[in-house]
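The values are calculated or read from the model by the stated rules, or taken from the named source; none is laboratory data. From a predicted model like this one, the values you see are computed outputs, not experimental measurements. Cβ atoms come from the backbone with ideal geometry, glycine included; neighbour counts cover every protein chain shown.
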Amino acid sequence: MNIHLLEPAQAELNDAVAWYSKQAPGFGDVFLLETLKTLKLRVKPYSIGSWV
């Protein structure tokens, strides 16, 4: 599954990853991975099938 963010959302995510990366080594990577996991969890239920 591919998740595409709007340009402003992608820019904000990039800024957040950069900020966390400056706080401590590896924090930016962890933040990005957790964000992607959350996005996939929120999209996945709707891709399984109809709720009706």
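Annotations for the structure displayed:
- Qualifying positions in the stretch 24-39 - surrounded by 10 or more Cβ atoms within 10 Å (Cβ to Cβ) and either of a type outside the set (Asp, Glu) or in contact with a Lys or Arg (Cβ under 6 Å, 6 or more places away or on another chain) (or both): Gly26, Phe27, Gly28, Val30, Phe31, Leu32, Leu33, Thr35, Leu36, Lys37, Thr38, Leu39
- Every pair of residues 6+ apart whose Cβ atoms lie under 7 Å, when the first sits in the stretch 1-23 and is surrounded by fewer than 10 Cβ atoms within 10 Å (Cβ to Cβ) while the second is of a type in the set (A, V, I, L, M, F, W, C): Met1/Val43; Ile3/Leu39; Ile3/Val43
- Taken across the stretch 15-34, residues that are at pLDDT 95 or above and of a type in the set (S, T, N, Q) do occur, with at least one present.
- Members of the stretch 13-29 found to be of a type in the set (A, V, I, L, M) and in a helix (DSSP H, G or I), listed by number: Leu13, Ala16, Val17, Ala18
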